[in-house]
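Please treat every number below as a calculation from the coordinates, not as lab data. None of the values given here were measured: they were computed from a predicted structure. Cβ coordinates were reconstructed from backbone atoms using ideal geometry, including for glycine residues, and neighbour counts include every protein chain displayed.
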Amino acid sequence: MNRLLNKTLVYYSFSAIIILLLSAPFIYYTLEKLYKDDVDEAILLRSDEFTRNNEPTLKITDIPTWNRFNRDTRILPDTVKSKPKNNIIQQVFLDTLVPEWEPYRVLYKDVSIQGKPFVLMIRLNLVESEDLIRTIVWIYLGILFVLLLVIFFITLFISNKLWYPFHDTLKKIEQFSIESNQMPAFKKTGIKEFNQLNKSLTKLIQQTLQSFDLQKVFIQNASHELQTPLAIFQSKLDLLMQDSHLQEQQLNIVHSLYESVSKLKRINKNLLLLAKIENNQFIETSSISIKEIIEEVIPYFSEQAIGKNITIHTELKNNLTIQCNKTLIEILIHNLFLNAVRHNILNGSIYINTENNRFTIINSGINAPLDTSIIFERFKKGSKNPKSTGLGLAIVKEICIRNGWQIDYKFKNGMHCFILVF
Amino acid sequence: MKILIIEDEQELANNIATYLKEQNYQCELALNYHEAVLKIEIYEYDCILLDLMLPDGEGLQLLEILRNQSKQHGIIIISAKNTVEAKITGLQLGADDYLAKPFHLSELGARIFSVIRRNHFGSSNHIHLNELEIDLLAKTAKVKEHTVPLTKKEFDLLLFLIGNKNKTISKAALAEHLSGDMADMLDNYDFVYSHIKNLKKKLAEAGCNDYIKTTYGMGYKWES
């Protein structure tokens, strides 16, 4: 992914190069023309000088001497017929010293010395166009380099200074979590667009938080309201059960109603618990030994495990102690434990161990990995177990989120493995 | 034994009353604050069941009135609020016990039984049931002067059964009673069976008659 800075740099550099490339021929032709015009002017000036100062006084016998000392203003015999007269033309001459063909601007002109016709040739050496191009290229490269350098630093400056409020906002949104219920405080900036962005974000987050709150309140109210009818339902069943006239068939019905009400109660309690965790109603923390909690609950779960003849192995390598709410960590471990028992198989096993800041619970079960994308979701059950409320692992996840712990699931060697890192 | 049920949910109050009447308790209902105040001031009760969540929070006021009376009644709060804080507050304000809704009637029966025992019999708290003698303070059971070696859970179970004499108690209620805070999560009540089996065996070995009966598929009953 490209950073905004890099993108800007690339665009600027491309434009600079293209503009420079396009302007190069134009500059070259302009310079060349200017130069030629200047040279032509000088030739004309010399021609005028010759007409005015030399032509009247020069003798024919002086011509060889003249020609010997004037390389570029020479008097030639009137035999040069092929050259156009009185027009400055471009011609190459061999430079005998180098030796190299050099471009010249040349003027041929008819003159008369002591009444005899001669041809005057005035020439001026031009810079080779190769040299000119080379010079221009070097200058351009220099300009390009300086330009890119300037663009780079300006973009860097803009990115850091101008875009600072944007990056600040970005960072705050990244850190924002709906569970924390903390409205991010955006910095006020002098830039309209950023202010607009911050304002829109604030509004959006406020609305989200509001509906999240409403949802939490709704769940809590709903489960609260359910308590009383559930209590009545339960007590009616308790009364019905006392009826000694009930036949086996009716008892069966009462029994299944009883199971249903038990499950309803469990779901309701778990929903309430989730709502309470979300509402941060477990704030008191103390130093908790994980080992103690595990040792405390093992008798209960051993009882639960008897039915399936499950063996529980514990290996508590260190006395892991963490700072947290006692109720929550107990619920967390109970849920993981219960999960391992509930979804276990006949003659299965459970391995519990702590190592460093890691608590792992491994259990046998169905021989296929669970869908990791949904196991921690509410009411998403990994199994068809009718006793399961589908909330146990959601509660585990919620407690982990609240405390900044990491919970992971792995399927290894046919075993289901939950790893909790404090 | 007289019990006052202060509960604004009439249906629930009736159910509680029906259950307790069969236990030979005399029950009276108070469906709102004023009825409750009236009855508290005139009559004497052995145990008062108080719903703290009466409208307008009057439950707490009632608790205060009850505390200021120097009567010898036990108070059990029944509330839809199931938090440690609510329990502590209730107990600090003078309640003897706190039961969160929804509850099993058998659980309520057992709690009333123990609150009344505690209030009436103070230091020498012994229950005699035919050949069985239970010391509530020492938490021991004896049959014809021989101590029955019960575990804590088995003793709890025994008390629970006796507290709901001649009532069928569901396995779920027993399981929840035995597992306390963990109860909300347990879904396998099979362990109740093994505890009952052990209890029956130990009582029989000590020479006690078999009073614990199994109700088909549902639960257990102490018949005597």
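A few remarks follow.
- For chain B, the share of alpha carbon pairs falling in successive 10 Å distance bins from zero is 8, 32, 34, 20, 6, 0 percent.
- Basic side chains Lys and Arg get +1 at the Cβ, acidic Asp and Glu get -1 at the Cβ, and with that the dipole of the protein assembly as shown about its Cα centre reaches some 1600 debye.
- Alpha-carbon centroids, region B:21-72 and region A:355-376: separation in whole Å: 51 Å
- Among the trypsin sites (Lys or Arg not before Pro) within region A:105-205, those in coil by DSSP and having at most 15 neighbouring Cβ atoms inside 10 Å are A:Lys187, A:Lys188.
- Of the residues A:Asn198, A:Asn70, A:Asn279, the one that moves most in a GNM of chain A with alpha-carbon contacts below 10 Å is A:Asn70.
- Loop sites in region B:23-58: chymotrypsin sites (Phe, Trp or Tyr not before Pro), DSSP, at most 14 other Cβ within 10 Å: B:Tyr43
- Of the residues A:Leu124, A:Leu21, the one with the fewest other Cβ atoms within 10 Å heads the list, and the complete ranking is A:Leu21, A:Leu124.
- Between region A:149-187 and region A:226-269, the alpha-carbon center distance in angstrom: 59 Å
- Rounded to 5, percent antiparallel among DSSP beta bridges of chain A: 90 percent
- J(HN,Hα) series, region B:159-176, from Karplus relation 6.51 cos²θ - 1.76 cosθ + 1.60, nearest Hz, glycine and proline x: 4, 4, 5, 5, x, 10, 3, 6, 10, 7, 10, 5, 4, 4, 4, 5, 4, 5
- Across B:Lys144/B:Lys167; A:Lys410/B:Lys87; A:Lys269/B:Lys200, pairs whose alpha-carbon gap is larger than 28 Å: A:Lys410/B:Lys87; A:Lys269/B:Lys200
- Peptide B:170-180 has a mean shielding of 3, counted as Cβ atoms of other protein chains within 10 Å of each residue's Cβ.
- Shape summary: region B:2-120 maps onto an equivalent ellipsoid whose semi-axes, from the alpha-carbon gyration tensor, are 18, 16, 15 Å in decreasing order.
- Whether region B:141-180 is rounded, prolate or oblate, judged on the alpha carbon gyration tensor where a/c under 1.5 counts as rounded: oblate
- Stretch in chain A that is longest and holds no GluC sites (Glu not before Pro) that DSSP places in a loop and that have at most 16 other beta carbons within 10 Å: A:129-283
- Each Cα pair under 8 Å and six or more residues apart adds its separation to the average, and for region B:2-120 the resulting relative contact order is 23 percent.
- Peptide B:11-19 has a mean shielding of 5, counted as Cβ atoms of other protein chains within 10 Å of each residue's Cβ.
- Sorted by Cβ neighbour density within 10 Å, fewest at the top, the residues B:Asp135, B:Asp210: B:Asp210, B:Asp135
- For region A:4-149: span of alpha carbons on each principal axis (Å, largest first): 82, 29, 26
- Region A:286-421 shape via C-alpha gyration tensor axes, a/c threshold 1.5: oblate
- Taking every alpha-carbon pair under 8 Å whose residues sit at least 6 apart, chain A reaches a relative contact order of 9 percent.
- Toward the positive end of the charge dipole of the protein assembly as shown, with +1 on the Cβ of Lys and Arg and -1 on the Cβ of Asp and Glu, the farthest Cα among A:Phe411, A:Leu338, A:Asn70 is that of A:Asn70.
- Region A:352-422, relative contact order in percent, only Cα pairs under 8 angstrom and at least six apart counted: 39 percent
- For region B:2-120, with +1 on Lys and Arg beta carbons and -1 on Asp and Glu, the positive-most of B:Ile112, B:Leu4, B:Cys27 along the dipole: B:Ile112
- The protein assembly as shown shape via C-alpha gyration tensor axes, a/c threshold 1.5: prolate
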